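One structure below.
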Amino acid sequence: MLSYFISYLIMASTYGIAALALNLQWGFTGLMNFGIGAFYFVGAYTSALLTTSASPDYVGGFGLPFIVGLLGAVVLSGLLAYVLAFPALRLRGGFFAISMLAISETIRLIVKNEKWLTNGVWGIRGIPQPLRNLVGADLSEWIYLGIAAALLFIFYRLSEVGVRSPWGRMLNAVREDEKMAEMSGKDSWNVKMQSFVFGSMIMGVSGALYAHYIGFISPSSFTPLMSTFIVWLMILLGGTGSNKGVILGAFVVWGVWIGSEFLIGVLPSGITSKAGFVRMLLMGILLDAILLIRPQGLFGREKVISKLGSKE
Amino acid sequence: MSLLNVNNLSAGYGEVDVLHGISLDIDEGELVATIGPNGAGKSTLLRSISGVIKPDEGRLELGGTDITGSEPEDTIRMGMSYVPQDENIFPSLTVRENLEMGAFTLEGDFQDRIDEICTIFPQLRERMGQKAGTMSGGQQQMVAVGRGLLIKPKLLLLDEPTAGLQPSLVKMMLSKVEEINDRGVTVLLVAQTIDALRLANRAYLLSAGEMVLSGETEELLDTDRVQDLYFGG
Amino acid sequence: MADLFVNGIILGSIITLGAIGVTLIADILNFFNFAHGDMLSFGAYLALFFVGAMPSWGNFPGLSFGPQMILAIVFSMVIMSGFALFFDKVLFKPLRERGSSELFLALSSLGVAFILRSIIRLVWGPQAQYYGGLQMANRYPLGITIKPDEFFIVGTALFLVITVYLFLKRTKIGKAMRAASDNETLARVTGINTESVVNWTWIIAVSLTAASGILYGIQVQIRPIMGWNILIPIFVAVVVAGVGDVWGAMVGAMIIGVAQEMLTGVLQNLFNALNLDVLMTAYKPAIAFVLMVIVLLFRPQGIFGTGE
């Protein structure tokens, strides 16, 4: 029982980190990122390839320590975001969303097809948890929880400090109304880029944390549902713009997910495969219900859905 | 006989009100102008009356019927038509189609209505099949006003119909507005120029969202405020 | 090479129907409908259900299906339109009336996407399905091979596109839709029944999409993820052409279809020649995306866009 709870906490923390990142990009900067999966993949696979032992089938296998894996995840996610920023960030709202979605799908295709790089559909196994060999499986879980929680806390503090700083005020200006912002076009661009890159780096960490926890990743690890959609659901439930809120949203949504997995587990096996899709159905309905009934989420600012005067 | 009655109207966009406590009255057959500096809220006033923006406070009556909060669709059926200042035509539609849209709420055949519009604006007759977006500013204004007239409105709200027109066309448009009024259409006009103001027998001066002065045109022209508006600064 | 071009036209025909739907919704309802792909899939499955439920009346000569497919297409269009109107009244309309941003509407459509997808999985399961038997392609000059079904696909797409064009050009509500596309506020001011415009936008967009799904199902197969896979090329076609232009959407779709097929072939030859082991067909959607990036870099409003 306890181990389920620890598992829940670790995964929820991982998602909490991703939620903070998306909150930075959307809640504070107004970037509608529908391609979170891209950075999960990059972060997870980079870390995995750096830390696993060598294999004849694919590159990597440097067997480096966990921390190097994480750093690699951060660096490569950041790099990808930096490169994408130039074409993608110029695009408004819906166009940006489509682009991010397409990027995410493209990366998934690359992961799936480039066997020499990622071992294709067979995935990468044996991704190490830090210290596991030294302290044994049980204690290792606790340590991992500690690491995940620590990272969550660190990113939370960074985010809180960031949005209250002058930089954070610039983010606000960009999100509220670019045209009216008194910043120069160049400043506006820089701020958007920084938010996008930092956010993506954090998402990369989240992906890497997942990889090292589960120990195995494959092209189907990060489906649109489990990467992009679920994180959006988390920040909407928690309240975009509130860091505390989105973390809570992550824990609540993941709790519902795990809880439903329990319920599914006790059902007769003929139903279990279907039950996964009942869950998907409920998640979709939940998202739309939140948007309809309480779009500011639990802790969000009312302003997010203000009556648009410009419509008239 | 009062056709339009605006009582204590406050309205705006989002959380901020642009208009505060505006009241005015227009009788059938009148040609009334509203004037004021930029940003005074004249366009907002027309938008509120027509129903594009819903009032936050106050009451609107058209011919005795309460129209507060009504949609433009409904007030059009009651005979009130609104021609905005900008973006007042459908560029990718032809002239004929633009006018047809004006008749959207009409049942049955309206060819005679279109013919009548063409007697007011003869230039449109040869250009029925032309895409409105390819026409000159003056011609587009004719289409815009023509569209507004299609339902044979009792009350026409015109927002600066001469804006952006060449001086030669301004005179033409103003004479058309007079002609429209002579044909029995009550007109509430947002007037930016003194010539437009002179068409009206009465006017309201708006400033910072409030009704500051009202009265006969000639009287208003004598006041300092109105003088400043057109000749000062 | 000519064969690839022809394949591109066929693919483009399928994309066209989806793209017109997306562009109408983006233009008149002001958001990118991320549920469009799953609506496409759902349309295909509805037709599958209908065909399965009907007694067989034999096939059209040369085609892999019979008259019941035509009825199936109509059935699917009607039911999908009903679904779309339901989602509009229950979800999109309240959000619109509240003044929700484009982004919120797009998000909510993502929710609808997952709702539809889960229903498909629950009702029909994950396996690939087919309307009818396999077909042999016939050979034509220049190395072109075409299956008889493929004539039907292109023909149907063309027929539907022309029908929509005439609808928009000749009917009162069609003109009102064009007016709303030009200037929404003015449309309200003019007294156009915006409710009607919204309804017909959904009906047309979703009906075309359902047809697209069925044609795709005829061409390839019916799978739950089929629509999501083609969603990117559809979006790209719309973006490349510029939102709001129906003919433009068709041109954009053809460009994407042809580009996907031909570039895939060309690049594959290139990679083979360089001895690189890359399977280009897996990357077809990515090609569409790269094209989009290139077009947007040079012409952000799209090829036919008006730069609103």
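The values are calculated or read from the model by the stated rules, or taken from the named source; none is laboratory data. Keep in mind that what you see is a predicted model, and the values were worked out from it rather than measured. Neighbour counts run over all protein chains shown; Cβ positions are idealised from the backbone, glycine included.
Listed values, structure above:
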quantity: Flag for B:Gln130 being away from every other protein chain (no Cβ under 12 Å), touching a Pro at 6+ places or on another chain (Cβ under 7 Å) and within 23 Å of B:Thr162 (Cα to Cα); calculated: no
quantity: Scan of region B:74-85 for residues that are at the interface with another protein chain (Cβ under 8 Å from one of its Cβ atoms) and assigned to a loop (DSSP other than H, G, I, E, B), ordered by number; calculated: B:Pro84
quantity: Among the candidates C:Val240, C:Val278, C:Val258, C:Val251, residue that is over 19 Å from C:Ala157 (Cα atoms) and in a helix (DSSP H, G or I); calculated: C:Val240
quantity: Test: residue in region B:86-95 that is aromatic (Phe, Trp, Tyr), surrounded by fewer than 20 Cβ atoms within 10 Å (Cβ to Cβ) and either part of a loop (DSSP other than H, G, I, E, B) or more than 14 Å from the chain's Cα centre (by Cα) (or both); calculated: no
quantity: Hey, A:Leu152 modelled with pLDDT under 85 and of a type in the set (A, V, I, L, M, F, W, C) or not; calculated: no
quantity: Set A:Pro166, A:Pro128: member being free of Cβ contacts under 8 Å to residues at least 12 places away in the same chain, of a type outside the set (D, E, K, R) and away from every other protein chain (no Cβ under 14 Å); calculated: A:Pro166
quantity: Selected residue [closer than 30 Å to B:Phe104 by Cα and modelled with pLDDT of 90 or more] from C:Ala205, C:Ala237; calculated: C:Ala205
quantity: Qualifying residue in region A:262-280 (condition: touching a residue at least 60 places away in the same chain (Cβ under 8 Å) and in contact with a Lys or Arg (Cβ under 8 Å, 6 or more places away or on another chain)); calculated: no
quantity: Matching entry among B:Leu155, B:Leu174 (being surrounded by 21 or more Cβ atoms within 10 Å (Cβ to Cβ) and within 27 Å of B:Asn38 (Cα to Cα)); calculated: B:Leu155
quantity: Subset of region C:265-293 (residues that are small (Gly, Ala, Ser), surrounded by 18 or more Cβ atoms within 10 Å (Cβ to Cβ) and within 13 Å of another protein chain (Cβ to nearest Cβ)); calculated: C:Ala286, C:Ala288
quantity: Condition met for C:Val239 (within 14 Å of chain A (Cβ to nearest Cβ), crowded, with 24+ Cβ neighbours inside 10 Å and more than 12 Å from the chain's Cα centre (by Cα)); calculated: yes
quantity: Every residue from region B:62-85 that is in contact (Cβ under 8 Å) with a residue 60 or more places away in the chain and within 14 Å of the chain's Cα centre (by Cα); calculated: B:Ile76, B:Gly79, B:Met80, B:Ser81, B:Tyr82, B:Val83, B:Pro84, B:Gln85
quantity: Single match in A:Phe299, A:Phe216 (criterion: in contact with a Leu (Cβ under 8 Å, 6 or more places away or on another chain), surrounded by fewer than 20 Cβ atoms within 10 Å (Cβ to Cβ) and more than 14 Å from chain C (Cβ to nearest Cβ)); calculated: A:Phe299
quantity: Any chance C:Phe32 is in contact with a Leu (Cβ under 9 Å, 6 or more places away or on another chain) and either in a loop (DSSP other than H, G, I, E, B) or surrounded by fewer than 16 Cβ atoms within 10 Å (Cβ to Cβ) (or both); calculated: yes
quantity: Residue that is under 30 Å from A:Leu233 (Cα atoms), out of contact with any His (no Cβ under 8 Å at 6 or more places or on another chain) and not in a loop (DSSP other than H, G, I, E, B), where the choices are C:Val112, C:Val189, C:Val164; calculated: C:Val112
quantity: Yes/no for A:Lys274 being in a helix (DSSP H, G or I) and within 14 Å of another protein chain (Cβ to nearest Cβ); calculated: yes
quantity: In region C:175-191, residue nearest to the other protein chains (Cβ to nearest Cβ) [restricted to those that are closer than 16 Å to B:Lys131 by Cβ and small (Gly, Ala, Ser)]; calculated: C:Ala179
quantity: Tally of residues being part of a strand (DSSP E or B), within 14 Å of another protein chain (Cβ to nearest Cβ) and among the acidic types (Asp, Glu) across region B:14-31; calculated: 1
quantity: Subset of region C:218-227 [surrounded by fewer than 24 Cβ atoms within 10 Å (Cβ to Cβ) and in contact (Cβ under 8 Å) with a residue 12 or more places away in the chain]; calculated: C:Gln219, C:Gln221, C:Ile222, C:Arg223, C:Ile225, C:Met226
quantity: Enumeration of residues in region C:88-108 that are facing chain A (nearest Cβ under 7 Å), crowded, with 19+ Cβ neighbours inside 10 Å and closer than 14 Å to A:Ile293 by Cα; calculated: C:Leu91, C:Leu95, C:Ser100, C:Phe104, C:Ser108
quantity: Every residue from region A:63-118 that is within 14 Å of chain C (Cβ to nearest Cβ) and more than 30 Å from C:Glu102 (Cα to Cα); calculated: A:Ile110, A:Val111, A:Lys112, A:Asn113, A:Glu114, A:Lys115, A:Trp116, A:Leu117, A:Thr118
quantity: Residue within region B:138-147 that is within 11 Å of another protein chain (Cβ to nearest Cβ), buried (at least 18 other Cβ atoms within 10 Å of the Cβ) and under 19 Å from the mean Cα position of the chain (by Cα) present; calculated: yes
quantity: Hits in region B:101-123 (condition: part of a helix (DSSP H, G or I) and within 26 Å of C:Asn193 (Cα to Cα)); calculated: B:Met101, B:Gly102, B:Gln111, B:Asp112, B:Arg113, B:Ile114, B:Asp115, B:Glu116, B:Ile117, B:Cys118
quantity: Qualifying positions in region C:294-304 - facing another protein chain (nearest Cβ under 10 Å) and surrounded by fewer than 18 Cβ atoms within 10 Å (Cβ to Cβ); calculated: C:Ile294, C:Leu297, C:Pro300
quantity: Scope region A:112-137; condition closer than 20 Å to A:Pro65 by Cα, part of a helix (DSSP H, G or I) and of a type outside the set (A, V, I, L, M); matching residues; calculated: A:Thr118, A:Arg132, A:Asn133
quantity: Odd one out for C:Val197 among (1) closer than 13 Å to C:Ala26 by Cβ; (2) within 14 Å of chain B (Cβ to nearest Cβ); (3) not polar (S, T, N, Q); calculated: (1)
quantity: When residues of region B:40-72 are limited to those that are within 16 Å of B:Asp25 (Cβ to Cβ), polar (S, T, N, Q) and not in a loop (DSSP other than H, G, I, E, B), the one farthest from the other protein chains (Cβ to nearest Cβ); calculated: B:Thr65
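Rundown of residues vs (1) surrounded by fewer than 23 Cβ atoms within 10 Å (Cβ to Cβ); (2) touching a Ser or Thr at 6+ places or on another chain (Cβ under 8 Å); (3) not aliphatic (A, V, I, L, M), yes/no style:
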site	(1), (2), (3)
C:Phe114	no, no, yes
C:Leu122	yes, no, no
C:Ala128	yes, no, no
C:Met136	yes, no, no
C:Ala157	no, yes, no
